[in-house]
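One structure is given below, encoded as structure tokens.
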Amino acid sequence: MKTALITGVTGQDGSYLAELLLEKGYKVHGIKRRASSFNTQRVDHLYQDPHNESIRFKMHYGDLTDSMNIIRIIQEVQPDEIYNLGAMSHVKVSFDSPEYVANVDGIGTLRILEAVRILGLEKKTRIYQASTSELYGGMPENKNENGFYDENSPFYPRSPYGAAKIYGFWITKNYREAYGMFACNGILFNHESPRRGETFVTRKITMAVAAIALGMQDCLYLGNLEALRDWGHAKDYVKAMWLILQQEKPEDFVIATGKTTKVRDFVQMSFEHVGFKIRWEGKGVNEVGILDSIDNDKYLLATGVSLSEVEASKLLGQVLVKVDPTYFRPTEVDLLLGDPTKSKTQLGWEPEFDLNGLVNDMMTSDIKLTQKDLHLVEGGHPVYRQSE
Ligand code: NDP
Ligand code: GDR
């Protein structure tokens, strides 16, 4: 039985990866942070009682800023594979906490690599580093001749997050070359899911659209509607992480869909799921999304309830989307588009979800969650949501 250690197991990717590895028969250890309230919702369904010695899923308290803790956990677990997914992963927030993000996302990677070396596990333990398309920074001149970013495209990070992750990228490559370690970077483009953190743009949109459709929210405030992202499904992307560590030779891989979409179009697609057609008016910070028409059959199919004529006429013509400059970034990555050729040919990686499938999965899940919230509100339990 192989043993894996996942940092960031409580995050979006960590939870899907833990599921995948358990399905494959691994013993899975995860590092979780101590917090004043539970932060394990994404993996609660995997919990196994630690009093039972034969469990295959176990979590350890730890933090990527704490070398001693990292060394002790790796010594205890003796992993065959480490997936370093732990990070302060929000690009906009990294401008607020640049030193912290350098410590966790940059030096944290070094702590993992050096711990493996200190413990003499260089030949046993394979390491996956969660690198990112943010390394490219969306610089137009750095795309390849076909207009994509690939494994050979130059980097130009545009945030403290990107700058910290570029250290993680290079130190992983350096330990591979210097010490012959099986250490690889997955350069993953944006990937989303119903488990995506609520402040990333896709999830913010699908949660707001569900809440607007069910009458729990009036308006969705967003930043740059023009940004283009190459969005895939996290379930598909964790499969690629595993494949990268099963290769004969350690190498770096781009994981992407090869298609790019504007934030505005993701908004449109999410509203279309509930039968709402949005009309865009105005420019820049004055741009708004107005409800133009409603397809009642689609609304019924998505929500399980029908809108009365009175309810529908109240909604039509309302401004449902506004721009709030609070969400603009000091430096923006305008366009990301990855070339998955190497991962498809060499890893045999094939994603199952396209963008429509992703939007459907996220919207279906967020409608269910909103309906649960509605029941709570009806039962006299207020539901508080932050609109970040
Ligand atoms: P999430 O933000 O959902 O999860 C991040 C995880 O890291 C959480 O478990 C979090 O713990 C943990 N973490 C944060 N700070 C620390 C710390 N100081 N010590 C230990 N653990 C910590 O991110 P994703 O799952 O979306 O992403 C996984 C990784 O992949 C990240 O490294 C991210 O930067 C990278 N990445 C993500 C992409 C994406 O589109 N999702 C694309 C490319 C790269 P807690 O739950 O307590 O907050
Ligand atoms: P990103 O993801 O920065 O690409 O990083 P995010 O979803 O935060 O932003 C994508 C694009 O949408 C624009 N945008 C908004 N973003 C947020 N969060 N909130 C808004 O209201 C909003 N309005 C518009 C942003 O400006 C941006 O252009 C993600 C993270 O998962 C990283 O950890 C990962 O490395 C990269 O993807 C690849």
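The convex hull built on the alpha-carbon positions of region 48-103 has an orientation-averaged projected area of 5.2 nm². If you take the alpha carbon atoms of region 3-188 and fit the smallest convex hull around them, that volume is 133 Å³ per residue. Against the empirical 2.2 N^0.38 Å (N residues), region 236-283 has a Cα radius of gyration ratio of 1.90. If the elastic network links every pair of Cα atoms under 10 Å, which of His45, His90, His191 fluctuates the most in the Gaussian network model of the chain? Comparing His45, His90, His191 in the GNM, the peak value goes to His45.
If the elastic network links every pair of Cα atoms under 10 Å, which of Met59, Met362, Met68 fluctuates the most in the Gaussian network model of the chain? Most flexible of the set in this elastic network: Met68. Test of the criteria: in region 279-358, which trypsin sites (Lys or Arg not before Pro) are in a DSSP loop and have at most 15 other Cβ atoms within 10 angstrom of their Cβ? Within region 279-358, the qualifying trypsin sites (Lys or Arg not before Pro) (loop, at most 15 other Cβ atoms within 10 Å) are Lys283. Relative to the longest principal axis of the Cα atoms of the chain, helix 201-213 runs at roughly 30 degrees. Working note: Karplus 6.51/-1.76/1.60 with θ = phi - 60° gives region 361-377 the couplings 4, 5, 5, 4, 5, 6, 5, 4, 5, 5, 5, 5, 4, 4, 4, 5, 4 Hz, where Gly and Pro are set to x. Pairs from the list Lys173/Lys235; Lys239/Lys262; Lys27/Lys372; Lys143/Lys322; Lys165/Lys372; Lys165/Lys262 with a Cα-Cα gap above 30 Å: Lys27/Lys372; Lys143/Lys322; Lys165/Lys372. Straight-line cross-link reach from Lys314 at under 17 Å between alpha-carbon atoms covers these lysines, not counting any fewer than eight positions away in the same chain: Lys277.
Across the alpha-carbon atoms of region 87-209, the computed radius of gyration and Dmax are 15.9, 51 angstrom. For the chain, the Kirkwood estimate of hydrodynamic radius, built from reciprocal distances between every pair of different alpha carbons, is 22.1 Å. Modelled spin-label separation between Lys24 and Lys262, with each label point placed 7 Å from Cα along the Cα-to-Cβ direction: 3.9 nm.
Kindly work out what percent of the DSSP beta bridges joining two residues of the chain are antiparallel, to the nearest 5. The answer is about 25 percent antiparallel. Rg/Rh, computed from the Cα trace of region 27-123 with Rh as the Kirkwood radius, has the value 0.99. Among the GluC sites (Glu not before Pro) within region 192-234, which fall in a DSSP loop and have no more than 14 other Cβ atoms within 10 Å of their own Cβ? Those that pass, being in a loop and sparsely packed, are Glu198, Glu226. In a DSSP loop and with at most 12 other Cβ atoms within 10 Å, the chymotrypsin sites (Phe, Trp or Tyr not before Pro) in region 2-52 are Phe38, Tyr47. A simple spin-label model places the labels of Ile290 and Glu251 5.4 nm from each other, with each point 7 Å out along Cα-to-Cβ. Straightening the chain between Asn146 and Glu198 buys 15.4 nm, computed as 0.36 nm per residue apart minus the Cα-Cα spacing. Its DSSP H runs of at least 4 residues, each contributing -39,500 (n - 2.57), put the calculated 222 nm mean residue ellipticity of the chain at -11000 deg cm²/dmol, to the nearest 500.
Tilt of helix 234-245 relative to the longest C-alpha principal axis of the chain, in degrees (0 to 90, nearest 10)? Tilt relative to the chain: about 10 degrees.
The modelled label-to-label distance between Thr345 and Leu119, using points 7 Å beyond Cα along the C-beta direction, is 3.7 nm. Every Cα-Cα pair of region 270-361 was included, and the share exceeding 15 Å stands at 74 percent. Divided by 2.2 N^0.38 Å, where N counts the residues, the Cα radius of gyration of region 122-178 comes to 1.27. Across all directions, the average flat footprint of the convex hull enclosing the Cα atoms of region 189-284 is 7.5 nm².
Throughout, read-outs are computed from the coordinates displayed, never taken from laboratory work. Keep in mind that what you see is a predicted model, and the values were worked out from it rather than measured. No Cβ is skipped: glycine too gets one built from the backbone with ideal geometry, and neighbour counts run over all protein chains shown.
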